[in-house]
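Here is the structure we will look at.
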Amino acid sequence: MAAELVAELVALAHAEHALVAEARYDELPQLHARRDAVMAALPPVLGPAALPQLREAMAVQALVTEALRVARDAAGSELVTVRRTREGVAGYAASTGRPAAPRASFDQRR
C-alpha cells in the first residue's frame, strides 16, 4: 500500500511539473488536493525502499519551485512594463489639453 502511495506521489510531482511548464496554473489546486490526500494516507515512517522515489519526487518538486519562480518574475516584469506604458500614454493624453478619462485600478498601492 505504501509503495503505491509513494509511486502516486512521484506521479503527481511529474504532473505538477507538466502543468507549470504548460502554464496551466488553474489546474494546480485540484492536483494539490490530490497530493494532500496521498500525503495524509502515507504511514508516518516509510521503509528505505521508498527513498529513491522520495528523492525523485523532491527533485521534481525543486524543478516545479524554480519554474514557478521564473513565471512569477516574468509576470512581475510584464506588470511593470504595462504600468510604464500606461503612464506614458497618460502623459501623451495630458499633452492634448483634454482631461484623461479616469481608469479603474486594482493596484492597492495607488
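The values are calculated or read from the model by the stated rules, or taken from the named source; none is laboratory data. Small disclaimer: the values here were computed from a predicted structure and weren't measured. All Cβ positions, glycine included, derive from the backbone under ideal geometry; neighbour counts span all protein chains shown.
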For the stretch 55-69, enumerate the residues that are within 15 Å of Arg35 (Cβ to Cβ) and in contact with a His (Cβ under 6 Å, 6 or more places away or on another chain). Val60, Val64
Please specify each residue of the stretch 28-44 satisfying the condition of being under 12 Å from Val6 (Cα atoms) and either exposed (fewer than 10 other Cβ atoms within 10 Å of the Cβ) or in contact with a Gly (Cβ under 8 Å, 6 or more places away or on another chain) (or both). Ala40
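Select, from Arg35, Arg24, the only residue that is at pLDDT 95 or above and within 19 Å of Glu56 (Cα to Cα).
Arg35
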